[in-house]
Amino acid sequence: NAGVTQTPKFRILKIGQSMTLQCTQDMNHNYMYWYRQDPGMGLKLIYYSVGAGITDKGEVPNGYNVSRSTTEDFPLRLELAAPSQTSVYFCASSYSWEAQYFGPGTRLLVL
Amino acid sequence: AQSVTQLDSQVPVFEEAPVELRCNYSSSVSVYLFWYVQYPNQGLQLLLKYLSGSTLVKGINGFEAEFNKSQTSFHLRKPSVHISDTAEYFCAVSDSGTGGYNKLIFGAGTRLAVHP
């Protein structure tokens, strides 16, 4: 199993550009999550999904959108990139809410 | 809502010495607690979890943690650390929130630096 994979690994965006961060898991997990990690701040939940077609906002959803058309994929969309979105983004999945498996992360810089 | 406080942002320690990383959480009727480790430029990996039962929980890589309900703490310990334990460690607590769905609330992290 590849586990949780994320693409791209790195990205530099200009202010106002848009992009999609891809996340795929091959463990048949129902639950998937997007977090952002800022220095000294721990991880903040952006969006989560409890199954295909079902998504909900986390702690810091503003400026982001998600969709979940399949069990495997949970892309995160940034529509109008802002410098405040410079961060490291982690996707995670779990069979239940107990133990989450994390991807390697995407480092995003918005200039 | 739940919250997690990791009391030390950085912990330097010599190799083969014991270490304790401290974590306190806000009280709740029932609580589930986790420790994750993040090695440089990697994602988070589950070290151990407390769901119920014995308050002493053993995890991977020789780490253990003790759940203390009266002190609302879940400190992580290892009796003898290795250079390879250098990483950032995150304590997390479940939060039932709305709709009964449990999601994790993470602490700010503790950077463990093991020196030879």
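The values are calculated or read from the model by the stated rules, or taken from the named source; none is laboratory data. If you're wondering where the values come from, they're calculated on a predicted model, not measured in any experiment. Neighbour counts run over all protein chains shown; Cβ positions are idealised from the backbone, glycine included. Heads up: the accessible areas ignore ligands, DNA and RNA and are worked out on the full protein's heavy atoms, side chains in. Shrake-Rupley method; radii C 1.70, N 1.55, O 1.52, S 1.80 Å.
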**OP:** For A:L109, indicate whether it is assigned to a loop (DSSP other than H, G, I, E, B), more than 14 Å from every other protein chain (Cβ to nearest Cβ) and surrounded by fewer than 20 Cβ atoms within 10 Å (Cβ to Cβ).
**Re:** no
**OP:** Can you work out which of the residues in segment A:88-100 that are more than 8 Å from every other protein chain (Cβ to nearest Cβ) and open to solvent by 10 Å² or more (accessible area, probe 1.4 Å) is modelled with the highest pLDDT?
**Re:** A:V88
Subject >> Residue pairs meeting the criteria (Cβ under 6 Å; at least 6 apart or on separate chains; first over 22 Å from B:S26 (Cβ atoms), in segment B:74-87; second among the aromatic types (F, W, Y) and at pLDDT 95 or above) >> reply: B:K78/B:F63
Original post:
(1) open to solvent by 40 Å² or more (accessible area, probe 1.4 Å); (2) modelled with pLDDT of 95 or more; (3) touching a Gly at 6+ places or on another chain (Cβ under 9 Å); (4) not in a strand (DSSP E or B): which one isn't true of A:R68, the others all being true?
Top reply: (1)
Subject >> When residues of segment A:1-20 are limited to those that are within 14 Å of chain B (Cβ to nearest Cβ), surrounded by fewer than 21 Cβ atoms within 10 Å (Cβ to Cβ) and of a type in the set (A, V, I, L, M, F, W, C), the one farthest from A:V110 (Cα to Cα) >> reply: A:A2
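Which one of these is in contact (Cβ under 8 Å) with a residue 24 or more places away in the chain, in a strand (DSSP E or B), open to solvent by 50 Å² or more (accessible area, probe 1.4 Å) and not small (G, A, S): A:R77, A:R36?
A:R77 is the lone residue from the list that is in contact (Cβ under 8 Å) with a residue 24 or more places away in the chain, in a strand (DSSP E or B), open to solvent by 50 Å² or more (accessible area, probe 1.4 Å) and not small (G, A, S).
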